[in-house]
Amino acid sequence: FASPNRALHVAALPKSGAVSRRSVSQLQPTTMAAQRLVLWFRNDLRLHDNYIIAEAAKKMSSNRKLEIVPVYCFDPRHFGTSKYGPKKCGVIRAKFLQESVMDLKMQLRS
């Protein structure tokens, strides 16, 4: 998701709750009400080369009423059993994923 041509789910949410889906570059600042920008992290949890994070930061600096809400959902399908028998995600991989999400959270707060 670091590449601008890869698919990303971004929703601009006015505080009224209405949802519109668009790219970060199309988000227009508004003076009437604060907006929330939801960044849905899926597989790529890196920040240092993430195009979407850079664009969101630019939008936030030009619109002080913009709130950025990062979201990551643990997909239960990744923790099930494959059709061949073994688990799709072992204990070590699950721990790595958990630590990666916690690291992402700390990086976003700083």
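The values are calculated or read from the model by the stated rules, or taken from the named source; none is laboratory data. Note that the structure is predicted; figures quoted are calculated from it, not measured. Cβ placement follows ideal geometry from the backbone for every residue including glycine, while neighbour counts extend to all protein chains displayed. When the accessible area is computed, the model is the full protein with side chains, heavy atoms only, and any ligands, DNA or RNA have been set aside. Shrake-Rupley method; radii C 1.70, N 1.55, O 1.52, S 1.80 Å.
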task: Determine if the range 50-58 includes at least one residue that is of a type in the set (D, E, K, R), in a helix (DSSP H, G or I), under 14 Å from the mean Cα position of the chain (by Cα) and at pLDDT 50 or above.
output: yes
message: Scan the range 78-85 and tell me whether some residue there is among the hydrophobic types (A, V, I, L, M, F, W, C), modelled with pLDDT under 90, surrounded by 13 or more Cβ atoms within 10 Å (Cβ to Cβ) and at negative phi.
response: yes
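Inside the range 43-72, can you point out the residues that are without any contact (Cβ under 8 Å) to a residue 24 or more places away in the chain, open to solvent by 60 Å² or more (accessible area, probe 1.4 Å) and touching a strand residue (DSSP E or B) at 6+ places or on another chain (Cβ under 8 Å)?
To start, the set of residues in the range 43-72 that are without any contact (Cβ under 8 Å) to a residue 24 or more places away in the chain comprises 48, 53-54, 57-58, 60-61, 64.
Filter again for open to solvent by 60 Å² or more (accessible area, probe 1.4 Å), leaving 48, 58, 60-61, 64.
Matches in the range 43-72: 60 only.
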